[in-house]
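Take a look at the structure below.
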Amino acid sequence: MAMLDTSPHSPAFAADKVVATAPDAATGYKGFRLGAFEFIRDEYFAKVHWPAKGQTRTHAIPADAFLRALMRDVAWGFFYGWVNFDQVFGTRNHYGKVDVYAGSFNGVMKAAGVDYTETFDTPTIMATFKAMLHDWTNAGFDPFAAPEETGSAYGRKHGENAAAIERSRIATRRMPGLPDDSPLRDDLPVNRAFADVPQDEPQVLPEPGYEGQLHAFNLFKYLSRSDVTWNPSVTSVCGASLFCPTTEEFILPVFHGNDRVEWFLQLSDEIVWDVADKDTGAPRARITMRAGDICAMPADIRHQGYSTKRSMLLVWENATPDLPARYESGELPPYPVAF
Ligand code: PHB
Ligand code: FE
């Protein structure tokens, strides 16, 4: 799949850097080591261990939640800024290197000094996270799917689901359906939640001489056939402006911490967003977005969304290089408009 030079989503991979244990005799799962972090999974939990204050600290995350977050972190190439798996554990993208942290962006743990951060070359963490995702995902569990559309993540190791994990995020060069660009995916069935979405394509009638230059497609039809949730795909590119629509059901598996402003346009139905302080996780706002609503997510927050009925969301990303440094230095205010 073609990837954009302007996007952080295509890091290299270093299979020889993966440090794994033999499968555990009782559970069948391998353990993984990344620097001073240790990762193990059992029937119900993923457990992360790290050193702090001369002791080993442990944090448990339900296996399904962990795998859903891990799937996004891997598929998005560590995304823009922070990917918090929960209130404790996560990654921060430095575009070439990635911080892995536990407690470092949790106000209480940070104050108690039990936090830990270590930085890795992107290929090393990518290879380790991919190996963990493969080993820990059982047959029948699809970390990209809505809970109602997949089996259980729990239990001792049974089989695998490489097909689900290897699905890559679509990154279009200009627009789906253009010659030599990504396909329109008419082969996928319409999702049960979008049975009422019209499936007709727009008629394109270019003036003579403009054939092949003017293009349009039915974005609602396209999204109605998405088989994944909470996975923005780059479907139009205009300079550094990326339109990344996505279909959302249940909970965004991460709290995304922004390193730039991003815009949300609610295309259908409803999403509730919890917004919190980026550094501490302290709650800041709750937003209900209904079809037609638009909002800017500031550069100094983290956010997580909830959608009961599968909905369509347009995430508008600004891939201008050096934005993170300009927000971090205070050159740019964390919000796009001052009222
Ligand atoms: C976001 O972090 O902005 C985000 C991520 C995934 C989605 C929607 C929004 O599906
Ligand atoms: Fe975000």
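The values are calculated or read from the model by the stated rules, or taken from the named source; none is laboratory data. All values derive from a computational prediction rather than experimental measurement. Cβ coordinates were reconstructed from backbone atoms using ideal geometry, including for glycine residues, and neighbour counts include every protein chain displayed. Just so you know, the surface numbers come from the protein's heavy atoms only, side chains and all, with ligands and any DNA or RNA stripped out. Shrake-Rupley method; radii C 1.70, N 1.55, O 1.52, S 1.80 Å.
Below are the figures for this structure:
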quantity	calculated
Output for region 212-238, where each listed residue is at pLDDT 95 or above and not in a loop (DSSP other than H, G, I, E, B)	219, 220, 221, 222, 223, 224
Selection count where residues are over 30 Å from residue 148 (Cβ atoms) and within 16 Å of ligand 1 (Cβ to nearest atom), scope region 285-339	12
Condition check for residue 149: acidic (Asp, Glu) and under 20 Å from residue 232 (Cα atoms)	yes
Qualifying residue in region 78-89 (condition: open to solvent by 40 Å² or more (accessible area, probe 1.4 Å), modelled with pLDDT of 95 or more and either farther than 30 Å from residue 181 by Cβ or in contact with a Pro (Cβ under 8 Å, 6 or more places away or on another chain) (or both))	yes
Any hit, region 90-105, residues being assigned to a loop (DSSP other than H, G, I, E, B), more than 16 Å from ligand 2 (Cβ to nearest atom) and buried (at least 23 other Cβ atoms within 10 Å of the Cβ)	yes
Residues of region 188-239 classified as of a type in the set (D, E, K, R) and within 22 Å of residue 149 (Cβ to Cβ), total	5
Lone qualifier among 265, 214, 242, 188 - being surrounded by fewer than 19 Cβ atoms within 10 Å (Cβ to Cβ) and within 15 Å of ligand 2 (Cβ to nearest atom)	265
Filter pass, residue 65 being within 13 Å of ligand 1 (Cβ to nearest atom), out of contact with any helix residue (DSSP H, G or I) (no Cβ under 8 Å at 6 or more places or on another chain) and under 19 Å from residue 46 (Cα atoms)	no
Residue in region 65-74 that is open to solvent by 10 Å² or more (accessible area, probe 1.4 Å) and within 12 Å of the chain's Cα centre (by Cα) present	yes
Condition check for residue 47: open to solvent by 50 Å² or more (accessible area, probe 1.4 Å), closer than 21 Å to residue 324 by Cβ and at pLDDT 95 or above	no
Long-range neighbours under 9 Å by Cβ, at least six apart or interchain, first residue more than 23 Å from residue 247 (Cβ to Cβ) and of a type in the set (D, E, K, R) within region 57-81, second away from ligand 1 (no atom under 12 Å from the Cβ) and not in a loop (DSSP other than H, G, I, E, B)	57/48; 57/49; 57/50; 57/51; 57/102; 57/109; 57/116
Filter pass, residue 279 being more than 9 Å from ligand 1 (Cβ to nearest atom) and outside any strand (DSSP E or B)	yes
